[in-house]
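As structure tokens, the structure follows; a few thoughts come after it.
The values are calculated or read from the model by the stated rules, or taken from the named source; none is laboratory data. Bear in mind the structure is a predicted one, so any value in this text is a computation, not a measurement. Cβ placement follows ideal geometry from the backbone for every residue including glycine, while neighbour counts extend to all protein chains displayed.
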Amino acid sequence: MQDFTYIGLPARVIFGHGTTARLPDELAKLGVRKALVLTTPPQATQGEALAALLGEASAGVFTEATMHTPVEVTEAAMQVFVERGADGVVAIGGGSTIGLGKAIALRTDAPQIVLPTTYAGSEMTSIIGQTEAGKKTTQKTLKVLPETVIYDVDYTLTLPPSMTLTSGMNAIAHAVEALYAEESNPVLSLMAEDGIAKLVAALERVRAAPQDPDARSDALYGAWLCAVCLGSGGVALHHKLCHVLGGSFDLPHAETHTIVLPHALAYNAPAVPDAMVALRRATGSDTPATALFDLAQEGGAAVALRDLGMPEDGIDRAVEITLENPYFNPRPLEAEALRALLRSAWSGTRPEV
Ligand code: NAD
């Protein structure tokens, strides 16, 4: 048994079908009198439905959440929050909407209830990224950790197939890196392995039957486990590369994670034998990086960064930025090997590890 430190983040988690009905009670438990409901324009109807469910306890709906948590949007939401006398937030959506709720909590300490509708996992973390004048800064503080998370599988039944796959791969990436991050520990490894196994199997079932409630339930449960890995564990090269690529070339979040993961894992494989054993069990394959690549490709996701619009000469730039301020990684970062990793991810070469 390795020596380890385990950090459990406090959160109340409710999981199931139709769990949204519990929102008014959960809000009352937190002592919130009036909650501002947050969402994005495409999910406005879901936001309105929550406001209707809350009745007197609703401070209305703010539907302008957007990617990267721009400070201007947070300020506009803050104005509505204060004007309407809100003392809590309810966020329904993916990482972008949850990010706005966290930004309000950072400024007000208001309690948050989150109803996640993607698999990205922000709801279980104390991490917040914010963008001001084009620059994204990230911080970790318990002030932004949502108090209550209501996972309602019903919202995910309509998650479009392409988002289901890439968002699921985004979740899997959290768990893969938790297996070999500096903060890895046996408890998180249990969650990581089960989270990956549940998601890999469920993503295949959901592809065949997008509205299958049991497959959707397994996928969301797996995503929760992966989210705990992100919140309580650590990350490594894969997440670093995705942050560099997202920030430097404005590449989409979940799609970038989907493409990079098999290659980052192939890079680290020789340095993480125990993680590879767990990943062979979780994916049911002797070559887990290949299995993850195939899962993405067979499901119709882009597997080459060039197909997301990354220029070829960006490879060298991405290597430089990665090496300027690297994260912990189990295998030392070598410029030439990183260049080869990114070239494979750029061109969509199938890894054989
Ligand atoms: P997203 O929140 O940007 O959502 C993408 C789009 O899909 C939005 O228009 C959203 O309204 C829509 N959508 C969401 N759920 C839907 C559903 N069930 N049906 C139909 N449409 C739906 O995407 P995301 O991948 O969840 O989040 C990405 C963002 O979250 C990134 O900015 C990333 O940095 C951040 N993130 C933060 C953390 C953290 O710990 N702070 C963790 C993971 C992701």
Please give the number of the condition E83 fails out of (1) under 23 Å from R22 (Cα atoms); (2) more than 10 Å from the ligand (Cβ to nearest atom). (1)
Of all residues in the range 216-239, how many are touching a helix residue (DSSP H, G or I) at 6+ places or on another chain (Cβ under 6 Å) and either farther than 15 Å from A171 by Cβ or among the basic types (K, R) (or both)? 3
Pairs returned, first residue in the range 156-169 that is within 7 Å of A254 (Cβ to Cβ), second residue that is near the ligand (Cβ under 6 Å from one of its atoms), beta-carbon separation under 6 angstrom, 6 or more apart or interchain, are T166/A254; S167/T118; S167/A120; S167/A254
When you scan the range 248-257, do you find a residue that is more than 21 Å from L190 (Cα to Cα), hydrophobic (A, V, I, L, M, F, W, C), more than 16 Å from the ligand (Cβ to nearest atom) and touching a residue at least 24 places away in the same chain (Cβ under 8 Å), even just one? no
Counting only residues that are surrounded by 11 or more Cβ atoms within 10 Å (Cβ to Cβ), in a loop (DSSP other than H, G, I, E, B) and free of Cβ contacts under 8 Å to residues at least 40 places away in the same chain, how many does the range 1-28 have? 0
The number of residues in the range 88-120 that are within 7 Å of the ligand (Cβ to nearest atom) and either part of a loop (DSSP other than H, G, I, E, B) or touching a residue at least 60 places away in the same chain (Cβ under 8 Å) (or both) is 5
Given the criteria over 19 Å from L145 (Cβ atoms), assigned to a strand (DSSP E or B), touching a strand residue (DSSP E or B) at 6+ places or on another chain (Cβ under 8 Å) and at pLDDT 95 or above, does A52 qualify? no
Of all residues in the range 326-353, how many are under 17 Å from A271 (Cα atoms) and touching a Pro at 6+ places or on another chain (Cβ under 8 Å)? 4
List every residue pair whose Cβ atoms lie under 7 Å apart, where the two residues are 6 or more positions apart in sequence or sit on different chains, the first residue falls within the range 70-87 and is surrounded by 14 or more Cβ atoms within 10 Å (Cβ to Cβ), and the second residue, located anywhere, is aromatic (F, W, Y). A77/F62; V80/F62
Quick check, is A76 more than 13 Å from the ligand (Cβ to nearest atom), outside any loop (DSSP other than H, G, I, E, B), among the small types (G, A, S) and within 25 Å of P252 (Cα to Cα)? yes
Which one is farthest from A86 (Cα to Cα) among residues in the range 114-154 that are of a type in the set (V, I, T) and in contact with an Asp or Glu (Cβ under 6 Å, 6 or more places away or on another chain)? V149
Considering only helices (runs of 4 or more DSSP H) wholly within the range 141-211, the ones with at least 3 residues that are under 30 Å from P273 (Cβ atoms) are 161-180, 186-208
